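First up is the structure itself, then whatever we jot down about it.
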Amino acid sequence: MMKILFLGDIVGSPGRSAVIENLAGIKEEYEIDFIIVNGENSAGGRGITPKICIDLLRAGAAVVTTGDHVWDQREIFDYFPTEPRLLRPINFVDAPGAGSVVLETAKGKVAVLNAMGRTFMSPPLENPLPLLEAEISRLKEDGAKIVVVDFHAEATSEKVAMGWHLDGRASAVVGTHTHIPTADERILPNGTAHITDVGMTGCYNSVIGMQTDKVLRRFVERIPERFEPASGRGSVCGVIIEIDEIDGKSESIKRVRMDED
């Protein structure tokens, strides 16, 4: 059985610290085989830098996924072609980098794919459903049994629809982007683990990772305010998925949240 840990959107320094300081211990305690983290908010709440990506990989992440803020830090453009373990959404079709990767492990090949939804999201992108379907078929032909999809999207309906669309094709479809964990984790009828959103890895004494006073000021006064990541204790939030490495079907999915002492 392959045990995969997927951590939701890392937000700012509290999220980075929570991952870097705790990932090795979490891996040992839960006997994790493979770790995926979404790092698209890890650089000051917007985007990711080469240094941060390197730090996350050195901490134990096997793959780093992203989302709509992937291009917010300009230095990441030239880094993408040098690091196949850093993914951008597959429906940024002409952008640097790739939307999928296959890595060899002691328990076989693991494919990770990253895609972005289109409902309430910008910029408008290619339809992710046929792109994912075609890419998963290609990767399976190359011998990947275990396939994990990070679907970065706003609308819960679109995330749930993606789970059903890929049921039986992917081992797991994990939703990211909204930073609030949902309580709907389950195994779909054809063996795909699904959750609408895994939540964020960052400071939960905040508004989705950002300083509360600045967000409230925008809501109350309707005046534009630059958001800054909240400071304080970070929490690691995600899911642990157990997958049969023979047939690629998921056996269980469990939400996890660990607060720093």
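The values are calculated or read from the model by the stated rules, or taken from the named source; none is laboratory data. Keep in mind that this is a model prediction, so the values were computed, not measured. Accessible surface is based on the protein model in full, side chains and every heavy atom, while ligands, DNA and RNA are left aside. Shrake-Rupley method; radii C 1.70, N 1.55, O 1.52, S 1.80 Å.
Values as computed for the structure displayed
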quantity: Per-residue HN-Hα couplings for the stretch 73-90 [Karplus 6.51, -1.76, 1.60; θ = phi - 60°; Hz; x = Gly/Pro]; calculated: 9, 4, 5, 6, 4, 6, 7, 3, x, 8, 9, x, 7, 9, 10, 10, x, 5
quantity: Residue 195 long-range amide H proximity, modeled H, under 5 Å; calculated: 173, 175
quantity: Share of carbon and sulfur in the accessible heavy-atom surface of the stretch 163-261 [1.4 Å probe, %]; calculated: 49
quantity: Reach of residue 214 by Cα under 12 Å, taken over aspartates and glutamates that are not fewer than 8 positions away in the same chain; calculated: 225, 228
quantity: Candidates 162, 121, 210: whichever shows maximal mean-square fluctuation once the chain is modelled as a Gaussian network with Cα springs under 10 Å; calculated: 121
quantity: Helix 128-141 vs. the chain, principal-axis angle (Cα, 0 to 90°, nearest 10); calculated: 40
quantity: The stretch 118-161: Rg to Rh, with Rh as the Kirkwood radius over Cα pairs; calculated: 1.04
quantity: At 1.567 mPa s and 4 °C, Stokes diffusion of the chain via Kirkwood alpha-carbon radius, µm² per second; calculated: 72
quantity: Between 0 and 90°, nearest 10: helix 50-59 axis offset from the chain longest Cα axis; calculated: 60
quantity: Accessible area in square angstrom per residue, the stretch 76-175, 1.4 angstrom probe; calculated: 42
quantity: Anchor residue 145: aspartates and glutamates whose Cα lies under 20 Å away (excluding residues fewer than 8 positions away in-chain); calculated: 33, 104, 133, 135, 167, 242, 244, 245, 247, 251
quantity: Cα pair distances exceeding 18 angstrom across the stretch 14-121, given as percent; calculated: 48
quantity: Cα-based radius of gyration of the stretch 31-76 once divided by 2.2 N^0.38 Å, which approximates compact folds; calculated: 1.13
quantity: Chain lengthening between residue 106 and residue 24 when straightened (0.36 nm per residue, less Cα-Cα); calculated: 27.7 nm
